[in-house]
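Notes for the one structure printed next.
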Amino acid sequence: MINATNLQSDVAILKLISKAKVENDYQTESVLREFRNKEKIVCPDCLFELRNGFFVGSGDHIINQNGAFFFCSANGSRKEVDTEFIYEFCRGCAKLNP
């Protein structure tokens, strides 16, 4: 059953997919589509810096849980993130997996 929160999160991801299309960033678009379908995206086995200065690495991932987005680090910490963070995370993952 779809509730309002899940619908809002889906719309947010669709907006990110649209942003990637406008920027002709097909790799990021593909990663975002995967995140939309699986509700989870995992960082590849490496360490990289996002444009916002945040570092992510092996074992880190983002999940969509009941319409809220959470960054879960390999050390077990977890924090809610916004769509810009998701976009940067997916963009970084896309660059590492062409």
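The values are calculated or read from the model by the stated rules, or taken from the named source; none is laboratory data. Since the structure is predicted, the reported quantities are computational estimates derived from the model, not experimental observations. Because the Cβ atoms are built from the backbone with ideal geometry, glycine has one as well, and the counts that use them run over all protein chains shown. Protein only, heavy atoms only, side chains kept; ligands, DNA and RNA dropped before computing areas. Shrake-Rupley method; radii C 1.70, N 1.55, O 1.52, S 1.80 Å.
Summary of computed values
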read-out	value
For the chain, with +1 on Lys and Arg beta carbons and -1 on Asp and Glu, the positive-most of 5, 41, 54 along the dipole	5
Inter-label distance for residue 65 and residue 48, nm, one decimal - labels placed 7 Å from Cα along Cα-to-Cβ	2.5 nm
Whole-Å semi-axes of the ellipsoid equivalent to the chain (Cα gyration tensor, √5λ, descending)	20, 17, 11
Packing-based ranking, highest mean first, of 5-14, 23-32 given that Cβ atoms within 10 Å are counted	23-32, 5-14
Accessible area in square angstrom per residue, the range 31-98, 1.4 angstrom probe	55 Å²
For a label point 7 Å along the Cα-to-beta-carbon line of residue 95, residues of the range 11-34 with backbone N under 20 Å	16-34
Mean ellipticity per residue at 222 nm, deg cm²/dmol - from DSSP H runs of n ≥ 4 across the chain, formula -39500 (n - 2.57)	-15500 deg cm²/dmol
Relative contact order computed over the range 26-88 (Cα-Cα under 8 Å; 6+ residues apart), in percent	24 percent
Surface share of carbon and sulfur [accessible, 1.4 angstrom probe, percent] for the chain	50 percent
